[in-house]
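To start, the structure itself, in structure tokens.
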Amino acid sequence: MEKSDLSLRRLTNGLTVIAMPQADVETVSVGLLTGAGARLEEPGELGSSRILEYWIWDGLSAELADLGIHKKSAPNIEWTRYWATALAPYFAQMLRTLLQAVSAPGLQERSFAAFRSLAAHQAAARENEPQACTADLLRQAMGGTQPIARSAYGRSDGYGTLDPQIVRNVYERLYQPANCVLAIVGNYDEAQLDELLYDCQEKWKDRFSVTGFPSALAPLWTPGIVAREREANQAYLTLGIPGVPYDDDDFFPLAVLVQIIGGGDGSRLYEEIRQRRGLVYQIRSSLTSFRDAGLMTIQLGSRKESALEALEQIILELRRLERDGVTESEVQSAKGQLIKQMVMRSESTVARMNTLLTSGWYPKYPRTLDAMRRSIEEVSAAAVSEAIFRHPLTGSLGIASIGPLAASDLKAGAIH
Amino acid sequence: MEQSSVTLPNKLRVLLHRMPSMATVSVCFYILSGARDETPKQTGAAHLLEHMLFRGSEVFSEEDIRRAMRETGSDMNAFTAWEGTCVYARMLPEYFGSLFPVLADMVRHPKLDAADYEVEQSVVQEELARQLDEPRSVMLHELHRISFAGRMGGILIGSKEQIGALELHELRAFHWSHYVPDNTLVIITGAYEEKQIDEALASLEDWLPGTGGLDGGLQSEETRQGQSMSPLSEADGRVSTLEAPLFRNGAGIWGWRLPELQGAEHYAAHLLCTLLGDDNTLGSRFETVLVRARIAEQANAVYTSFTGGGMLKIYSTFPPGQEEKVQDIVMDELRRLLEGKSDPEELRRAKNKIKTQLAVDASTTDSRMISMAQAWLPGREMVTLQEVLNRIDALTERQLANLAGRLLEEPPFQVIAGPPEHAKLS
């Protein structure tokens, strides 16, 4: 299925590098994932990873801008990833700049306030996105005071206590090469890559041994309902069901289950809640996994007069699944969709590169398209039903809402 | 890369870009009519009709359509704009032959069943509710209200009352008038075989040109041109301030109406936006004078072309009370452009950004398809990727200065959102 050769290597400084050459494209995408996120911050450091996301580029942005490159980044509670795509001739300059940003950033005091302000305002802007906020609220409701319950974006009013040294300490601790993955997909020069990687391993050394997650025990999810009431035209809901980490044997059966539940057109919730009843414009289920935990989520937005009916129908559908399981044809259909969509997404060097970053960070995540296809194809209806048995869908349910509904409304809807 | 165009005997225009190394094929039916072309009784019809296309057609039931998408793993979607409606699908090449007839029948012969219609109206009401919760959408609606007369002064998908009052026969009327081959552009990109294209186009040859189309007394190009772009009365005002509990930061949209741009001017408008700061603000003026200066958190410029004119918009979010400062700085930047005061490298950088983005767009079949539509629309002619790159390269500082001068001729329309509490940093 995959036309190109994929190489995996670990440099002497611990950096994992995954590269996939594609000679027939005009662009190349590079990405770097570092294990810096809210889960890995100490209580007095919360938000530092977000500031670093911008601060490490201070002084280097112009180099990328000159090439017309659009750099992007995305935070997660246990990593931050950076990536960019350029025309092939600019590969070396793009990669050199990225490596310099993460391995030897200036982190100058004079520019700290501007980037702290930017991170705080991004957190505030996210608070304008109620659907995204409900996902954070859900993890708070189900995760309590555990680090896994933190928001990847931090609290907009929490950045004031951070100073440059606190954030630099986080950089020193978490931006270690052994705590990072580098991925390259597209049309690049192998000799240039080798030269840049050699340079990288000579200049970027591990300074500390990387600490693992705060607790040796996997996080525990507890059921909970939380509502942040505010004036809005829709109620934004996220439901959460305890799931599994990436390396769990039930990961792919649950991925297929999530596709069946709400993976778009033809899924159970899409057909019942949107197409038959017209209660939502969008409804979607997802599998969010971390190194030692996971959550299955269902997200929707619905006007106040429709939201509780939508919630009741979702709960009924989940109970139906617990009682009756899934059908063979559903499983085959969901598997087919996942495989074909995976192939289609791989057309983009950016998408392929990001998948390689994920596979480099989560050890059991399939690296090649063939390996991914096999993992999905191996899932049987029995495996999905057994996964439901091991991970009940309604027994530990969490619900978070932002909008015109009260917690008492949600409890009533969930009980029915 | 092989790009070509063809016009069928029924006046259906087709653009093709064969990309043999791609993993997929993308196809779209771009109807050259949108919300702007609705009669008053049809308000909301363009968008609701787009929704209803997925509810089944004469040959394919809704379940047939969903099964086709599921079994092929394809993406199928649509969007409605002021002057166009696009229905598209992306699929693995081996499914083009089976999916193309489905898409074509959805567009040509939607079932438009009454029972489905009521449910879909409810779905669209949910979509509107969501839009009304998004600060940027609310501000955009308001900008249109104060800067356009007629239909374009309303909400693109219609208001709650308009959606509720819209009758199904108005959708049929809109379809009958506008979903005709002489008002449609088909674009196919990706790893298709020529034989597949021949078969697909042959299947469209019996699609009759509009008998009740644009000549049928409905909105013609001239009517579209004369109506919605007419100036507003002074009483409507150019500034609107919104206060809403959802707005956590200050935000503003400034909009300039422009006359119809010709040829290179159209590209100059996009280059101007990139230079000021569009989605990729890296190294842009806004990044330097607004974001790094801590006056605004973000600022983006975008140009949208309409028949008879267009609009250049700048959207920004900022701490409370900074709106005047943001506007002053934006106007200063336009004056600097008019006066030719710019870093010579700026133009090169902005051009590089656009060229990189075009190359990235050409790396997936669906984004290439959309790029081709965007390049075709202004002049209604195919513009190859290389030609677009050449036109970008040929742009000069003087052309940008001329455009900046036009923007400075009149003050912009403004929508400013008032924030409630805002986090203060120590």
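The values are calculated or read from the model by the stated rules, or taken from the named source; none is laboratory data. Here the structure is a predicted model, which means the values were calculated and not measured. Every residue, glycine among them, receives a Cβ derived from its backbone with ideal geometry; neighbour counts consider all protein chains shown. Surface areas here come from the heavy atoms of the whole protein model, side chains and all, with no ligands, DNA or RNA. Shrake-Rupley method; radii C 1.70, N 1.55, O 1.52, S 1.80 Å.
With only the Cα atoms considered, the range A:43-85 has a convex hull volume of 55 Å³ per residue. Excluding ligands, DNA and RNA, the accessible surface per residue across chain B is 39 Å² with a 1.4 Å probe. Counting only protein chain heavy atoms and rolling a 1.4 Å probe, the accessible areas of A:46, A:162 rank, largest first, as A:46, A:162.
Averaged over peptide B:351-364, the number of partner chain Cβ atoms lying within 10 Å of each residue's Cβ comes to 5. Looking only at the range A:224-415, where both bridge partners belong to it, what percent of the DSSP beta bridges are antiparallel (to the nearest 5)? Percentage antiparallel, nearest 5: 75. Helix A:91-103 and the longest principal axis of the C-alpha atoms of chain A enclose an angle of approximately 80°. The angle between the Cα long axis of helix A:109-126 and the longest principal axis of the Cα atoms of chain A comes to about 20 degrees, rounded to the nearest 10. Using the Cα coordinates of the protein assembly as shown, the gyration tensor eigenvalues translate into equivalent-ellipsoid semi-axes of 38, 34, 30 Å, sorted from longest to shortest.
The order of the peptides B:385-395, A:22-32 by mean Cβ neighbours within 10 Å, most packed first, is A:22-32, B:385-395. Computed per residue of chain B from DSSP H runs no shorter than four, each worth -39500 (n - 2.57), the mean residue ellipticity at 222 nm is -13000 deg cm²/dmol. For chain A, the solvent-accessible area of protein heavy atoms averages 38 Å² per residue (probe radius 1.4 Å; ligands and nucleic acids excluded). Protection proxy ranking, highest mean first, for peptides B:254-261, A:47-54: A:47-54, B:254-261, where packing is the per-residue count of other beta-carbon atoms within 10 Å, averaged.
Working note: 222 nm ellipticity from helices only, DSSP H runs with n ≥ 4, each -39,500 (n - 2.57), summed and divided by the residues of chain A, gives -13500 deg cm²/dmol to the nearest 500. Its Cα gyration tensor gives chain B an equivalent ellipsoid. The semi-axes, each the square root of 5 times an eigenvalue, are 37, 27, 21 Å from largest down. Solvent exposure of residue B:83, expressed as accessible area, is near 40 Å², computed with a probe of 1.4 Å over the protein chains only. Computed in the context of the full set of protein chains, the accessible area of chain A at 1.4 Å probe radius has 50% of its extent on carbon or sulfur. Across peptide A:259-267, the mean count of Cβ atoms from other chains lying within 10 Å of each residue's own Cβ comes to 3. Between chain A and chain B, roughly 5400 Å² of accessible surface gets buried, counting both sides and using a 1.4 Å probe. Legend: P(r) of the range A:1-80 from all alpha carbon pair distances, 10 Å bins from 0, whole percents, reading 14, 32, 37, 15, 2. Taking every protein chain into account, the 1.4 Å probe leaves residue A:291 with about 90 Å² of accessible area, to the nearest ten. Shielding of peptide B:60-70 by partners, expressed as the average count of other chain Cβ atoms within 10 Å per residue Cβ, is 3. Take residue B:88: with every protein chain present and a 1.4 Å probe, its accessible area is about 60 Å².
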